[in-house]
1. Mind listing whichever residues of the stretch A:259-294 are under 22 Å from residue B:164 (Cβ atoms) and assigned to a strand (DSSP E or B)?
2. Which one is modelled with the highest pLDDT, of the residues in the stretch B:119-139 that are more than 12 Å from residue B:177 (Cβ to Cβ) and not β-branched (Val, Ile, Thr)?
3. Using the structure shown, decide if residue A:381 is surrounded by fewer than 19 Cβ atoms within 10 Å (Cβ to Cβ) and within 23 Å of residue A:252 (Cα to Cα).
4. Give the stretch B:236-252 a look and list any residue that's at the interface with another protein chain (Cβ under 8 Å from one of its Cβ atoms) and surrounded by 24 or more Cβ atoms within 10 Å (Cβ to Cβ), or say none.
5. Specify the residue that is farthest from the chain's Cα centre (by Cα); the eligible residues are those in the stretch B:274-286 that are modelled with pLDDT of 95 or more, surrounded by 19 or more Cβ atoms within 10 Å (Cβ to Cβ) and not aliphatic (A, V, I, L, M).
6. Is at least one residue of the stretch B:169-184 more than 21 Å from residue B:96 (Cα to Cα) and of a type in the set (D, E, K, R)?
7. On the given criteria, is residue A:300 at pLDDT below 90, within 30 Å of residue B:24 (Cβ to Cβ) and in a helix (DSSP H, G or I)?
8. Taking residue B:283, is it out of contact with any Lys or Arg (no Cβ under 8 Å at 6 or more places or on another chain) and facing chain A (nearest Cβ under 9 Å)?
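The values are calculated or read from the model by the stated rules, or taken from the named source; none is laboratory data. None of these values were measured; they are calculated from a predicted model. As a convention, Cβ positions derive from the backbone with ideal geometry for all residues, glycine included, and neighbour counts pool all protein chains shown.
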Amino acid sequence: MKVHEYQAKELFARYGIPVPRGKLVTQVEEVEGVVNELGLPVVVKAQIHAGGRGKAGGVKLAKTLDEARQITQNMLGKPLVTHQTGGQGTIVRKVWIEEGAAIKKEFYVGMVIDRARRCPVLMVSPAGGMEIEELAKEKPELIFKEPIDPFLGLLPFQCRSLAFKLGVDLKQAGKMFMALTRLFVEKDCSLAEINPLILTEDGNLLAIDAKLNFDDSALFRHPDVKEMLDPDELDPLEYEASKYHLNYVRLDGNVGIMVNGAGLAMATMDVIKLAGAEPANFLDVGGSANAEMIAQGFKIILSDPNVKLIFINIFGGILRCDVLAQGVIEAAKQVEVSVPILVRLEGTNVEQGREMLADSGLNFVVGKDLSDAASKIVEILS
Amino acid sequence: MGILVNNETRVLVQGITGREGVFHTTQMLAYGTKVVAGVTPGKAGQQVEGVPVFNTVEDAVRETGANASVIFVPAAFACDAIYEAVSAGIKLIVCITEGIPTLDMMKVKRFLSNHPDVVVIGLNCPGLIAPPVKCKMGIMPGHIHTPGTIGVISRSGTLTYEIDYQLTLAGLGQSTCIGIGGDQIPGSNFIDLLKMFKDDDETQGVVMVGEIGGTAEEEAAEWIKQNFNKPVVAFIAGRTAPPGKRMGHAGAIISGGQGTAESKMEALRAAGIYVAEDLGTLGQTVKEVMGL
């Protein structure tokens, strides 16, 4: 799960990571009060989840109140297109206004899960402001890493080592690295980034940007984090699906799919592509889906107007084919199905499932196996 | 013989009285698995399908000689279940549970480094099945498998069923099929299991099923090139997956340009491994490539 910069900064402040003073604004009328409180200059920052805001014009310095108003006016309610948003961009609904800082130096600080080492890794670089992927490609020798032992946590010598690499005050940096690690571990983050961390002209470290992602599997023990979810930042269909514990990802093609299991769902997308068509979505209904979840998934697929065909590919394991069939039949009764449905069932209770579909009076196309289904996709679309 | 389990494997089910626990205990027994005990704290004295239930793993091991465990307890308690099984001397643990926080699993891995003789399969996995010894520690449908000499290692669940079934239809039986799970940090990885298949006389070839995210396939490719002399056919799911989106499994995400299907397929091919592209004909492909 992702959160906004201003939410990440609230958490930073709570854990003792220094951040500039700032205020959230959703209407231009609020700008004056905020500027009066913070003083000039201020930085106006569009709050969307995607990265690359700076280059896209989503972060601007204002030296006067009028400038601050004008910038806010130009951002609010309008789409911001960055290299991460896709062509249509994301509508800016909130801006974060914070006091400007005099920058002497910029650094990168980040923490991620290192899958190969099986632990979090704290990374720093003196090349602040650059994106870490870019940095890793172009100047990997400028990235310094320390693995964090899951039982010991970050150790003082590691803090010193990284602070020396950056050439910053040991005490200040050490405190900040420790605070970031504590936040990462206590809140089950999957990514924490300060890019840039700056050294101010008066010698203080300050996090002028903040990015936090959280482990979805750990949200059950962090209701406070879960509350930070901003549904406006999610694809509406993906958000709808998440309410029913369905794993749905919207794609650009026209063949909607419903599959049990993530691996098989990905492989089904690949099968569609190999057959010469394009998948409209990824949808894993999971192993413990019931008829209602299936029906909801079906509705979600159908609410994408691009969908010209639905391919249901189920290999029954925990999810039995008869349960799937019941869900599809119920959904087809509730929703007006205007596109052909291709079904391929295999596995647990497959005979029952096939019979139920055949007896339902609904018009299903049956794929005997994956290859047969693939050729039928092509047939139906052409 | 296959790997990990044999005729002496006596299975314990942790979380046996839950809905999943009951259903799959019944299925495992029906397949022929020697399920000898179950554990649910506070439910000692009950029975599930004739299997005695104990309060602790220690009691179950002492009373029944259980030596392998399959875990169905909810995510918040699953790691504790692993610690309990290890502490009671269980050497093979299969954890089916999905949705365990990554940081918890890191601690498990660190703990396991002090127990090198313990094998954990999963989390978030379908488990394992060994048709030659009629042992199923997991949730896969038994009837799609048949005894034989192909080993299967997969990061997926239902995709593994698809592939196992195609092998069966192509006349290729299986020695052991293992789903290692879709999380970022699995208990066992491809290399851990390939090492065992290497030493297993009855396994003639291995099918490796990977997916986007991480670098486990790339690492396995390198290891196979250096160490493994049996034929391997690989399949990678997620060639059409967009970057930055988690595709169901916690571990299935392309991030920072890492973990793409292309990178994995390239690494596997560079190591001389045959990468199948068409899932629909995978069974036949394995048959042809392995010359079986």
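1. Of everything in the stretch A:259-294, those that are under 22 Å from residue B:164 (Cβ atoms) and assigned to a strand (DSSP E or B) turn out to be A:259, A:284.
2. Just the residues of the stretch B:119-139 that are more than 12 Å from residue B:177 (Cβ to Cβ), to begin with: B:119-120, B:122-124, B:133-134, B:139.
Checking which are not β-branched (Val, Ile, Thr) leaves us with B:122-124, B:134.
Values: B:122: 94, B:123: 92, B:124: 93, B:134: 97.
The qualifying residue modelled with the highest pLDDT is B:134.
3. When the stated conditions are applied, residue A:381 passes them.
4. Scanning the stretch B:236-252 gives B:237, B:238, B:241, B:247, B:248, B:249, B:250, B:251, B:252.
5. B:285
6. The answer is no, given that none of the residues of the stretch B:169-184 is more than 21 Å from residue B:96 (Cα to Cα) and of a type in the set (D, E, K, R).
7. For residue A:300, the condition - at pLDDT below 90, within 30 Å of residue B:24 (Cβ to Cβ) and in a helix (DSSP H, G or I) - is not met.
8. In short, no.
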